[in-house]
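The values are calculated or read from the model by the stated rules, or taken from the named source; none is laboratory data. All values derive from a computational prediction rather than experimental measurement. Note: ideal-geometry Cβ built from the backbone for every residue, glycine included; neighbour counts use all protein chains shown. Ligands, DNA and RNA are stripped out before the accessible areas are found, and what is left, the full protein with its side chains, is counted by its heavy atoms. Shrake-Rupley method; radii C 1.70, N 1.55, O 1.52, S 1.80 Å.
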Amino acid sequence: MLTEHEAMARALELAATPGVPLGPNPRVGCVLLADDGTVVAEGHHRGAGTAHAEADALARAGAAARGTTAVVTLEPCNHTGRTGPCARALVEAGVRRVVFAQSDPNPVATGGTRTLRDAGIEVEHGLMADRARELNRAWVFGVEHGRPLVTWKFAASLDGRSAAADGTSRWISNSVARADVHRLRAGCDVVLVGAGTAVVDDPRLTVRGPDDAPLAHQPLRAVLGERELPQALRLFDGSAEVALLRTRDPGTALAELFERGRRHVFLEGGPTVAAAFLRAGLVDEIVAYVAPVLLGAGRAAAGDLGITGIGAALRPVVTDVTVLAGGDGEEPNVRFTLTPA
């Protein structure tokens, strides 16, 4: 038997089921509780075109859904798309009470609360809302801004170099930091680099485990630029989908990715691409791995930003600082997470 708080925690766990796409729909979980706290049924949304979480749970419950409390991570939708409105489905199933975490920010889908209350169903909202919003932060950002969330990641020496003067960059960061990058990649649905980086560095851009093998669910590998790419590159190894964005404009690239249903871009390009996104104001989060190394020369983490004086410097706000202890014989690295001011 579960309390409503415990049921919401379980619904959030269901919503975060591995393999569920970040977009274009939100990740949602639902738990149907009897009055004594017994779980009648559970459900979660599995991506666009599949049953919504409430409909999934109601289908599993059948007639037993009548009189239950539906605990849902997102306000039940009130519109007909590929599936019918969840608010109406809950009314028709005879659900007595609905508790949801986050109000739906999508103006197309909102209004579920009114539909439920008009039908005499008791509604409460706000339970674990912060956790629900964090789970869907890329989707919420997309609804509010009409483009994907962009996280720029880079690794650099103490003096801001991402590669030595001869072009070598393997490895500036330690093994723990590199594993952390794979964790962050796994939380995005696009990994993006420029064509120059794709050719010179020949990265795989996949999410890999401790054994260096690609995981089952991979983000889209995207390359920004107009140059032709050799088919021998590791990007074309078949381990993940590839998108060639035939433009140099970050805004155009993001629009194309948004149209494809992608909601979180992990920007790993070189200094030219990083500078292009920064100058366009299209970086929403920065994750920087700093190693205790001095190079003195070499490629900078970001290219020319058009800044000529200290007064015009970009000053992102630090939101987290984490020390990443190295493996055997490795020095610790520091991960800074920042939000552009």
Looking at V98, A109, A11, which one has the Cα that reaches farthest to the positive end of the dipole of the chain (charges on Cβ: Lys, Arg +1; Asp, Glu -1)? A109
When the chain is treated as a GNM, springs tying every alpha-carbon pair under 10 Å, which of D36, D211, D202 comes out with the largest mean-square fluctuation? D211
Along Cα→Cβ, 7 Å out, is where each label goes; now give me the distance between the ones at D35 and S103 in nm to one decimal. 3.1 nm
For W152, other-chain or 5+-apart residues with amide H closer than 5 Å (H placed, Pro excluded) are L267, D284, E285, I286, V287
What is the spread of the Cα atoms of the range 120-277 along each of their three principal axes, largest first, in whole Å? 70, 34, 33
Where both residues lie in the range 4-141, what percent of DSSP beta bridges are antiparallel, nearest 5? 50 percent
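Per DSSP H run of n ≥ 4, the term is -39500 (n - 2.57); total these for the chain, divide by its residue number, and report the mean residue ellipticity at 222 nm rounded to 500 deg cm²/dmol.
Details: 10 runs with 90 residues, N = 341.
Dividing the helical sum by the residues of the chain leaves -7500 deg cm²/dmol.
Considering just Cα atoms, how many Å³ per residue does the convex hull of the range 1-133 enclose? Don't skip to the end; give the middle numbers.
Numbers: hull volume 11.9 nm³, N = 133.
Hull volume over Cα atoms, normalised by residue count, gives 90 Å³.
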If you build a Gaussian network model of the chain, linking Cα atoms that sit under 10 Å apart, which residue out of A255, A89, A312 swings the most? A312
Using the charge dipole of the range 170-324 (Lys, Arg: +1 at Cβ; Asp, Glu: -1 at Cβ; taken about the Cα centre), state which of A195, A240, A297 has its Cα farthest towards the positive end. A297
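Let's see if you can work this out: charge +1 on each Lys and Arg Cβ, -1 on each Asp and Glu Cβ, no other charges. What is the dipole magnitude of the chain about its Cα centre, in debye to the nearest 20?
Numbers: 35 positive and 40 negative charges, 115 e Å.
Magnitude of the dipole: close to 560 debye.
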Whole-Hz ³J(HN,Hα) for each residue in the range 162-175, computed from phi via Karplus 6.51 cos²θ - 1.76 cosθ + 1.60 with θ = phi - 60°, x for glycine and proline: what do you get? 9, 7, 6, 4, 8, x, 6, 9, 10, 10, 6, 8, 8, 5
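Using the heavy atoms of the protein chains and a 1.4 angstrom probe, tell me the accessible area per residue for the chain in square angstrom. Walk me through the numbers before you get to the answer.
Working: 15910 Å² over 341 residues.
For the chain, the per-residue accessible area is 47 Å².
Roughly speaking, to the nearest percent, how much of the chain's 1.4 Å accessible area is carbon and sulfur? Before the final figure, lay out each step's value.
Values: 8270 of 15910 Å².
Solvent-exposed carbon and sulfur of the chain make up 52 percent of the total.
Determine by what factor the alpha-carbon radius of gyration of the chain differs from 2.2 N^0.38 Å, reporting the quotient. The partial results should precede the final answer.
On the way: Rg = 22.8 Å, N = 341, 2.2 N^0.38 = 20.2 Å.
The value comes to 1.13.
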So for the chain, averaging the separation of alpha carbon pairs under 8 Å that are six or more residues apart and normalising by length, what relative contact order in percent results? 15 percent
